[in-house]
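Undergrad: Attaching a single structure in structure tokens format; questions to follow.
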Amino acid sequence: MTQRNAEATGGVSNAVLFGDLLRFYREAELLTQEALARQIPCDRSHVAKVEAGTRVPQESFAKKCDEILGTGGALLRMWRQIDWYPEVQHPDWFERRAEMDAQAVALREYQERVVPGMLQTPGYAHALFSRIASGDEVDDRVRARLSRQPRFLADDGPLYVAVLDESCLRNTVGGPQVMRDQCAHLLSVGRRPNIRIQVAPAGYPELLRPNVSMSLIELSDGHRWVYSESLDRGHFNDDPTVYSHHSRAYDVLRADILSARESAALISDVMEGYEHHEHARTRRGDLDQEQLQRRKRRQLRRNRPRFPRRGAGA
């Protein structure tokens, strides 16, 4: 993320001020960044970047830090007052879609392989963009993607319904910890009154799934659009017949898959799998380190100078 968010007095960004406040409360509780990260839970690097003002935190992050640090809700209040995304740059071909998201009263999406941008965590988005970009470009793309979310995550946000093919949960992006946090985020936002997340299980071969990921967008003026993407281009269609066709197929698919509650149970199971994988990897790392230390000790014993034994009559 670049420092283009709303500026506070003295030229210091609000992101930096938020990070300074978080650091103040953390140090007052005598917690290290790592100790706070374990309780959230998240990576220590995430806490470090938020405190440095280079990572946009989620609302849930601010709320959890308030609970852990006993701030009386100070961090969440400040988070809600900050305009985190006043100047973001979307790819030219996506700009039109981003404008629609800013006006939509309802958004229904079907997604396969990758969690939709509206539901991605910063860590997931960063890992995803790191596959095709590097350096500041990654941070700028992540920032632009996250800029679309606050309107839908607000208490009075537009209706948002996401149907995720199970491959979105199984396709590992960024490693087990990133996926564990992504699943936890899906469970959290899925409890909001305006958001419903359903999963189309891999074990349901009879489902009539769309051929590509797509979005059904309803604007405040009543205009309706079907949106899909190819490699580097967005495709828009506002033909009422086309919209009606895709809308009907979408509704039938939703009726045939897991309910929101059943989907949450599946997401929880997948999340536990990533947790176990991470714990197993940590244990393997500990065992590898222990074996390395044993090898070093054996090597030291072999390399010790040997002295001839003194005879019994000596």
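The values are calculated or read from the model by the stated rules, or taken from the named source; none is laboratory data. Predicted, not measured: the structure shown is a model, and the values here were computed from it. Glycine gets a Cβ as well: all are built from the backbone with ideal geometry, and neighbour counts include every protein chain shown. Please note that ligands, DNA and RNA were not included when accessible areas were found on the heavy atoms of the full protein model with its side chains. Shrake-Rupley method; radii C 1.70, N 1.55, O 1.52, S 1.80 Å.
Undergrad: When the accessible area of the range 176-276 is computed with all protein chains present and a 1.4 Å probe, what percentage of it is carbon and sulfur? Don't skip to the end; give the middle numbers.
TA: Values: 2710 of 5460 Å².
So the carbon and sulfur contribution to the accessible surface is 50 percent.
Undergrad: Keeping all protein chains in place and using 1.4 angstrom, which order do ARG96, ARG131 fall into by accessible surface area, from largest down? Could you put the intermediate results ahead of the total?
TA: Values: ARG96 110, ARG131 140 Å².
Order by accessible area, largest first: ARG131, ARG96.
Undergrad: Could you do me a favour and compute the accessible area per residue for the range 225-278, 1.4 Å probe, result in Å²?
TA: Numbers: 3280 Å² over 54 residues.
Result: 61 Å² per residue.
Undergrad: With a probe of 1.4 Å, find how much accessible area the range 112-195 has per residue, and write the answer as a whole number in Å².
TA: Numbers: 3060 Å² over 84 residues.
With all protein chains present, the range 112-195 gives 36 Å² per residue.
Undergrad: Also, quick follow-up: Suppose every K and R has +1 on its Cβ and every D and E has -1 on its Cβ; what is the size of the dipole of the range 73-170 about the Cα centre, in Debye to the nearest 20? It would help to have the intermediate numbers written out before the result.
TA: Numbers: 13 positive and 16 negative charges, 47 e Å.
Roughly 220 debye, rounded to the nearest 20.
Undergrad: Of all the accessible heavy-atom surface of the range 37-89, with the other protein chains kept in place and a 1.4 Å probe, what percent is carbon and sulfur?
TA: Working: 1140 of 2590 Å².
Reported share for carbon and sulfur atoms: 44 percent.
Undergrad: For VAL88, what residues show an amide H to amide H distance below 5 Å, using hydrogens built from the backbone and excluding near sequence neighbours?
TA: none
Undergrad: Please work out the C-alpha center-to-center distance from the range 170-229 to the range 237-281 and express it in whole Å.
TA: Using only Cα atoms to place each centre, the spacing works out to 6 Å.
Undergrad: Could you please put ASP251, ASP140 in sequence from largest to smallest accessible area, using a 1.4 Å probe? Write down the numbers at each step before the final one.
TA: Numbers: ASP251 75, ASP140 50 Å².
Of ASP251, ASP140, the descending order of accessible area is ASP251, ASP140.
Undergrad: If DNA, RNA and ligands are ignored and the probe is 1.4 Å, what is the ranking of ARG261, ARG180, ARG191, ARG254 by accessible area, most exposed first?
TA: On the way: ARG261 205, ARG180 45, ARG191 180, ARG254 75 Å².
Descending order: ARG261, ARG191, ARG254, ARG180.
Undergrad: Which of rounded, prolate or oblate describes the range 96-244 when judged by the alpha-carbon gyration tensor and an a/c cut-off of 1.5?
TA: Working: a/c = 1.40, a/b = 1.22, b/c = 1.14.
In terms of gyration-tensor shape, rounded.
Undergrad: What net charge do the residues around ASP165 carry, taking every other residue with its C-beta under 10 Å from that of ASP165, with Lys and Arg at +1 and Asp and Glu at -1? Write out the running numbers ahead of the final one.
TA: Details: positive: ARG113, ARG170, ARG209; negative: GLU112, GLU166.
Neighbourhood net charge equals +1.
Undergrad: Near ARG55, within a Cβ-to-Cβ distance under 10 Å, what is the net charge of the other residues, with Lys and Arg +1 and Asp and Glu -1? Provide the component values of the computation, followed by the final result.
TA: Details: positive: LYS49, ARG143; negative: GLU51, ASP139.
For residues surrounding ARG55, the net value is 0.
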